[in-house]
Amino acid sequence: MVLIKNIFRTAALALAFVLITGVLSGCGKNKPGETASTKPENTAQTEETGLLKLPYSKSEPFNPFKVKSLVGIQLSALIYDSLFRVDSSYKPVAVIAKSYTQEGLKLTVEIKTGLTFSDGEALDADDVVYSFEKAHTSPAYAGHLSNIGSAAKSSEYSVVFFLKNQDPYAVNCLDFAVVKYLDSDDSPLGSGRYILTDSKGDKYLKANEARLGGFFPSIKKILLVNVSDSDILSYSLQIGSLSFIFSDLRNGDIRRMKASILKADMNNLVYLSFNSSSPVLKTAGVRRAVSMLIDRKALAAQAFQGYSNAAYSPFNPAWISDFGFTVKTDKTHAVLLLRKAGFSKINSSGIRYNSSGNELEFTLLVNKDNIFKREAASQISSQLSETGIKVNINELPLNEYTSAVKRGDYDMYLGEVMLNPDMNLSPLLSAGGSASFGIDTKESTACAAYKKFLDGKLEIKEFIDAFNADTPFMPICYRCGMIAFDRSLSIPQSLNTSDIYSEIGSWSFVKTQS
C-alpha cells in the first residue's frame, strides 16, 4: 500500500489525440522572455492601478461540466476547487483532499474537514461523488477520468475511486471541479478562489476570502469580458479590453505583440512515428539509429522557436527531471546500428542501401497547416541526409494529413498528443490507442515493457531503457504555450497550463513612478 499525506492538487486538461492541438491561434513573434520584465523598473504597487480583465464566453454556461472552450475550462479553475492539481513538475498537490492511499485498483481519498462552499455550507464526500459522476461524462474531464470506473462515499469525508486498469499515478487525474450537490445546472456553487457575481449587467469574480481557511489576494476583483471569437484575443489584449490571455500556439504562428510574454509548459508530446509495416522501419536498429541522428535541442530551439522542451524519453522532461535521461545525438553509434542492420553502402545519390537493394529513403508526412511542424520536418530531413538517409516531405492540409495517418500512407509522420496529467502513454503504446498509428502494439517490446511498468514490475528507468532499445516512436519535444499580459501586471515567471491561474494570489498591478 502506498500512503502519501498532505499532498497534491490538479487542473490538467482532457486527454486528446491532437495531431495539432489547441484553441487559440498565435499571439506574437516574441520568444520566451524576449519582452520587458513582468515587473517594470522604478515601480510602486497600488491596488488602484488597474482592473484585471479576463476573457469568458457568453455562449457557455458557468458550469464546469458543460464548458468546452479552453477559456471556459481555465476560468472554471478560479471558481471551483478540485481534490488535487499538479504543479510545474507534474507532481500532485492537495487542494480539497487531505491525503490518499492507493492499493491496486482502489484509490481512497480523505477530504479536509471544515471546508465550505461560497454560501457557507459544508463540503463533504457527497459533493465529491456527485461532482465525479458529472465530470466523468463532461467535455473537460471525461478523457482523463476514463480509467476511473466509479466512485463511492466510504464516510462523510472519505471517497473511494475504483480504477479500470493499473495506474500508479492515477491521483494526478483527480483534478475535476467539485460543485455543491444538486446545485444550479447553469452555475453551481464552488469553493474556489473567486465567486461569480453580477453588477449592473457585468460579470465579475470577487475573492472568496473564506476559501480553504483564508484567501486574501492583492487582486480582489476581476472583470470578465465576453470574447465571442478566440481569434481576437490578442487584439483585445492590444487595445486594453483584456489584461491576460493564453495561446497554445496550435498553428505555430507567433506574431509580435506589445505585451509581457511568458512561456507556459504543456503536456503535449510531439513525436516522430514510424510505420512498422515498412520493410526497413520494422527493424528496431534502424528506428533507433534515426532517433540518435536527430538533434532534439536544435529542433526545440529553432523549429519550435524556443516554445518547447526537448524530450529524451516519452515522458515530460519536467516530470522526470530528477532522473537525468538523455539520448545524445551520436552519429558514430547510429552508423554502426545501420551497418549492423545491413545498410553499409551508399549509392551515387548519397543514399544508404543494403544487399537486398532496400534504400534508406522515406516519406515523412506532416501537417501543412502548422508552421512549427513544417520547419521541424525540414530540419529532420536535413539532419538525416548527412548520414545517407533521404527524407521526402509530404505536406498535407490537416484533414488530408489525418486521413493519411489513419490509412498508414507514410513511412514516418510528425504527430502530437496531449497526455493526461498521470503521464499515461496508453494512447501510444496500447492496442487501439488514439495515437498508436504505425506502432505494432502486439509485437513491440516497448509496449510489453510499459504494461509491466504500470503493473509495478519494472522501474521507470528499466522501462525507458526498453523503450529506447525498441524505439516504436521518437519523442522530440513537449510543446509550450504562450502567455501574454499587460505590462502593468506583475505575475510569477514560471507558469504551466495545468492551471494558468495557480499563482493568482500573488499577482498585482504596478505603476511606473514619474
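The values are calculated or read from the model by the stated rules, or taken from the named source; none is laboratory data. Because the structure is a prediction, the values reported are computed rather than measured. Heads up, the Cβs are rebuilt from the backbone with ideal geometry, glycines too, and the neighbour counts pull from every protein chain shown. Each accessible area value is taken on the protein alone, full model and side chains, heavy atoms only, with ligands, DNA and RNA left out. Shrake-Rupley method; radii C 1.70, N 1.55, O 1.52, S 1.80 Å.
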Worksheet, complete the sentence: Within the range 100-119, of all residues that are touching a Lys or Arg at 6+ places or on another chain (Cβ under 7 Å) and not basic (Lys, Arg), the one farthest from Glu156 (Cα to Cα) is Phe117
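Within the range 101-117, which residues are part of a loop (DSSP other than H, G, I, E, B) and either loosely packed, with under 15 Cβ neighbours inside 10 Å or at pLDDT below 95 (or both)?
Gly104, Thr113, Gly114
In the range 392-423, which residue that is of a type in the set (S, T, N, Q) and open to solvent by 20 Å² or more (accessible area, probe 1.4 Å) is farthest from the chain's Cα centre (by Cα)? Please lay out each step first, then the result.
Here is the first cut: in the range 392-423, the ones of a type in the set (S, T, N, Q) are 392, 394, 399, 402-403, 420.
When the remaining residues are screened for being open to solvent by 20 Å² or more (accessible area, probe 1.4 Å), the result is 392, 394, 399, 402-403.
Details: Asn392: 30, Asn394: 27, Asn399: 23, Thr402: 20, Ser403: 24 Å.
That would be Asn392.
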Worksheet item: In the range 354-391, what residues are buried (at least 20 other Cβ atoms within 10 Å of the Cβ), in a helix (DSSP H, G or I) and in contact with a Lys or Arg (Cβ under 9 Å, 6 or more places away or on another chain)?
Response: Phe372, Leu384
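Would you confirm, using the coordinates I've provided, whether Val225 is of a type in the set (Val, Ile, Thr), more than 30 Å from Ile294 (Cβ to Cβ) and at pLDDT 95 or above?
Details: of a type in the set (Val, Ile, Thr): yes; more than 30 Å from Ile294 (Cβ to Cβ): yes; at pLDDT 95 or above: yes.
Considered against the rule, which asks whether it is of a type in the set (Val, Ile, Thr), more than 30 Å from Ile294 (Cβ to Cβ) and at pLDDT 95 or above, Val225 comes out as yes.
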Worksheet item: Looking at (1) open to solvent by 40 Å² or more (accessible area, probe 1.4 Å); (2) assigned to a strand (DSSP E or B); (3) among the small types (Gly, Ala, Ser), which is the one condition that is false for Ser348?
Response: (2)
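Within the range 164-242, which strands (runs of 3 or more DSSP E) (wholly inside it) include 3 or more residues that are in contact with a strand residue (DSSP E or B) (Cβ under 7 Å, 6 or more places away or on another chain) and open to solvent by less than 20 Å² (accessible area, probe 1.4 Å)?
On the way: elements: 194-199, 202-207, 221-226.
In the range 164-242, no matching strands (runs of 3 or more DSSP E) lie anywhere.
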Practice prompt. Could you list all residues from the range 125-162 that are open to solvent by less than 30 Å² (accessible area, probe 1.4 Å), β-branched (Val, Ile, Thr) and within 28 Å of Glu60 (Cα to Cα)?
Written response: Val128, Val129, Ile148
Fill in: Any hit, the range 466-474, residues being out of contact with any Lys or Arg (no Cβ under 7 Å at 6 or more places or on another chain), open to solvent by less than 40 Å² (accessible area, probe 1.4 Å) and closer than 17 Å to Ser88 by Cα
no
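Give the residue that is most open to solvent (accessible area, probe 1.4 Å), with candidates limited to residues of the range 424-443 that are among the hydrophobic types (A, V, I, L, M, F, W, C) and out of contact with any strand residue (DSSP E or B) (no Cβ under 7 Å at 6 or more places or on another chain). If you could, list the steps in order and put the result at the bottom.
If we filter the range 424-443 for residues that are among the hydrophobic types (A, V, I, L, M, F, W, C), which is where we start, we get 425, 428-429, 431, 435, 437, 439.
Still in the list and also out of contact with any strand residue (DSSP E or B) (no Cβ under 7 Å at 6 or more places or on another chain): 425, 429, 431.
Values: Leu425: 0, Leu429: 9, Ala431: 83 Å².
Going through the qualifying residues, I end up with Ala431.
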Item to complete: Could you run through the range 293-306 and say how many residues are touching a strand residue (DSSP E or B) at 6+ places or on another chain (Cβ under 6 Å) and open to solvent by 20 Å² or more (accessible area, probe 1.4 Å)?
Response: 1
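Looking at Val270, Val286, Val290 in this structure, which one is at pLDDT 95 or above, crowded, with 21+ Cβ neighbours inside 10 Å, within 29 Å of Leu364 (Cβ to Cβ) and touching an Asp or Glu at 6+ places or on another chain (Cβ under 7 Å)?
Exactly one residue qualifies, and that residue is Val270.
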Discussion item. Looking only at the range 498-512, filter to residues that are of a type outside the set (Asp, Glu) and either under 15 Å from Tyr90 (Cα atoms) or assigned to a helix (DSSP H, G or I) (or both); which one of those is modelled with the lowest pLDDT?
Written reply: Ser498
Worksheet item: Here are some residues: Ala484, Ala446. Which one is in contact with a Gly (Cβ under 7 Å, 6 or more places away or on another chain) and open to solvent by less than 10 Å² (accessible area, probe 1.4 Å)?
Response: Ala484
Worksheet entry | Given (1) in a loop (DSSP other than H, G, I, E, B); (2) buried (at least 20 other Cβ atoms within 10 Å of the Cβ), number of the condition Pro492 does not satisfy | (2)
